[in-house]
Each structure stands twice: as C-alpha cells, then as structure tokens.
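This report refers to the structure that appears directly beneath it.
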Amino acid sequence: MSDTTTAKTVEHPEKSIDELKEIAAQVRRDIVRMVHAVNSGHPGGSLGITDLLVALYFKVMKHHPEPFDMDGKDQDLFFLSNGHTSATMYSCLARSGYFPVSELVTFRKLNSRLQGHPTTHEGLPGVRVASGSLGQGLSVACGAAQAKKMNGDKQRVFVLMGDGELEEGQNWEAALYASHHKIDNLVAIVDRNGQQIDGSTDEIGGLGDIGAKFKAFGWQVFEGDGNHFDALLPMLENCVAATGKAKPIMFIMDTKMGFGVDFMMDGHKWHGVAPNDKQLAEALEQLKVGTNGDY
C-alpha cells in the first residue's frame, strides 16, 4: 500500500474554464493524432467525452498520480466502462501526471501499455480495471464504492458508460443493487450521444426515457450538457453535492460524437474510423495547441 501522506495529490479547484478549454483542445489533438498514427481506434466517442474527463481529472476529482495506488484509498476513483474511448482517458492520465506524455506515441502498438481497451496486466498507472466488454463498468463501480463505504473512506467513485451500452442487461442488475444498498458515494454518468457502432440508438435499441428508468430504479437523476464547461461544471457540482443522501447518482450527459472537430460531429460514421492525413491536418487546424504542446 502506498503512503498517501507523501503522495502527489491533484486538486485543481483554481482551474478556470478557459484553462480547461485549453486542456480539452490539447486532449483532442492527442486523440486524433493517436488514432491516425495507427489507423485504428474510436475518435468519435473519445472526442465527445473529452470535456467530462478533463473536468474530472483537472477540476473535480481528488486523486494521486504519484505514487499510483491500485486501492485508491482516500481518493476519488474513475472507471471507464465504454473502454473503446480509451484515447481520452490515456491523454488525461498522462497530462495529469500518471505517466509520461511521450508514452502516448505507443497507443495501440504491440507491447504497449496503452492498449485499445484499458487493461491492468501492463501495470499502466491510473487504470484499475480492464474495460471495453460493455455493460460491466457500473457493477465494478458499485463494488468499489461499496468497499469505500465499508472502509470508512469518504471519497467518491465515478463511472462513465455509453448510452448504447445500456442495452446490456447487467447495467440494470447493478442499478437495482446500487439503489437497494444505498450506495450513495457513486456518481454514474451516461454519455447520451445517441449513436452506436451500427447507427443511432433509436434505430438499434430504442432506449426511451433513460432518466425515468433510473428514477424508477431508485436513483437521483440529473440531466444536462456534457460539451460546454459553463454547463457541465455546475452539473457535476450538483452531482457531488447529492452524494451521501442514501441514493446513487446518475448524470445523463448530452454530448455530440466527434465534438470539437466539425466534420466528425453527429452521426455514427466516426465511431471507429481513423482520419487520413488530410483529415488529420484539418482536425488539428481546429484544435489549439496547449501550453505543454503535443507529445
């Protein structure tokens, strides 16, 4: 167990919206460059969730990049259930101090710690569970949050899921479990971009009123914009403020797939397609280089 009294704690309440926007633009640059370099990956959803992960890792969560502790005692934990959007998580982990930013160049390459879906056997700091087999992340988060409560740990657990992922039945078993056991240190987030690999969620699975469903399962539900910090940050503050009140928290977050790169926005085309050289150049023209620059 790492000694968290000497850990490098990341708490960034001072970050302004302009600073978060700059970080988000750099993370988006990382995403399109990583996916382009190996002609493989999932840029659409990764770009859409960027603002959320930047808000969590650089503003909302209390976490210790160094030394990395798998147990995450006295830290907020994040689990990425829709693991195909790993590029976003890797960029945020690297740029918040978990491993060198230069390692992003190894994304999806042989023997890399940065696999297409996050895994644990490579020992990549910041990754606590293998994910990408959709539908499992909420169950994992329930277990981690319940363990924190049993251990007297006051910090919270966040988990992100895709909306198409809700077609997996395991999510609803976990939703029942969390409510029954009053796991009120859990903030689950659904990326409601309305798209999945074969088309829109309305065409493929027909999710209906997600908020009403979770309310019926005994959750406290918030719904709002996930792509603009002026709306996203207050919503996350509301979610955190609602913890500790005997109900798990659900934030249904409306995003656009491909947000930040105009030709990748809307529709499911860019769910799992890498940009070519010309498209990469066009994307990078729309994204400002951050203070620390490209990897």
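Structure notes:
- For the range 184-285, the gyration tensor built on C-alpha atoms gives an oblate shape. Its axis ratio a/c (a ≥ b ≥ c) is at least 1.5, and a/b is not larger than b/c.
- Taken per residue, the accessible surface of the chain reaches 41 Å², heavy atoms only and a 1.4 Å probe.
- Placed amide H near GLU66: partners under 5 Å, 5+ positions off or other chain: LYS8
- In the chain, a dipole from Cβ-located charges (positive for Lys and Arg, negative for Asp and Glu) runs towards its positive end, and of HIS181, THR50, VAL101 it is HIS181 whose Cα lies farthest in that direction.
- For the range 18-24, 3J(HN,Hα) computed residue by residue from phi via the Karplus equation (6.51, -1.76, 1.60; θ = phi - 60°) reads 4, 5, 5, 4, 5, 4, 4 Hz, glycine and proline entered as x.
- Filter on LYS148/LYS269; LYS59/LYS247; LYS21/LYS182; LYS15/LYS288; LYS73/LYS213; LYS247/LYS288 - keep pairs with C-alpha separation over 29 Å: LYS148/LYS269; LYS21/LYS182; LYS73/LYS213; LYS247/LYS288
- Under Karplus coefficients 6.51, -1.76 and 1.60, residue-wise ³J(HN,Hα) of the range 61-75 in Hz, glycine/proline x: 7, 9, 8, 10, x, 9, x, 6, 10, 4, 5, x, 4, 6, 10
- Share of carbon and sulfur in the accessible heavy-atom surface of the chain [1.4 Å probe, %]: 49
- Amide proton proximity set for GLY162, modelled H, under 5 Å, gap of 5+: ASN82, ASP191
- Only helices enter this figure: runs of n ≥ 4 DSSP H residues, each worth -39500 (n - 2.57), summed and divided by the residues of the chain, yield -10500 deg cm²/dmol at 222 nm to the nearest 500.
- Whole-Hz Karplus values for the range 157-163 come out as 10, 10, 9, 10, 10, x, 6 Hz, taken residue by residue from phi with 6.51 cos²θ - 1.76 cosθ + 1.60 and θ = phi - 60°; glycine and proline positions read x.
- Relative to the globular-protein estimate of 2.2 N^0.38 Å, the Cα radius of gyration of the range 125-186 stands at 1.11.
- Applying D = kT/(6 pi eta Rh) to the chain, where Rh is the Kirkwood radius over alpha-carbon pairs, T corresponds to 25 °C and eta to 0.890 mPa s, the Stokes-Einstein value obtained is 129 µm²/s.
- The range 67-140: C-alpha gyration tensor shape, a/c 1.5 cut-off, then a/b vs b/c: oblate
The values are calculated or read from the model by the stated rules, or taken from the named source; none is laboratory data. If you're wondering where the values come from, they're calculated on a predicted model, not measured in any experiment. In this analysis, Cβ positions are derived from the backbone assuming ideal geometry, glycine residues included, and neighbour counts consider all displayed protein chains. Remember, those area values only see protein heavy atoms, side chains included, never the ligands or the DNA or RNA. Shrake-Rupley method; radii C 1.70, N 1.55, O 1.52, S 1.80 Å.
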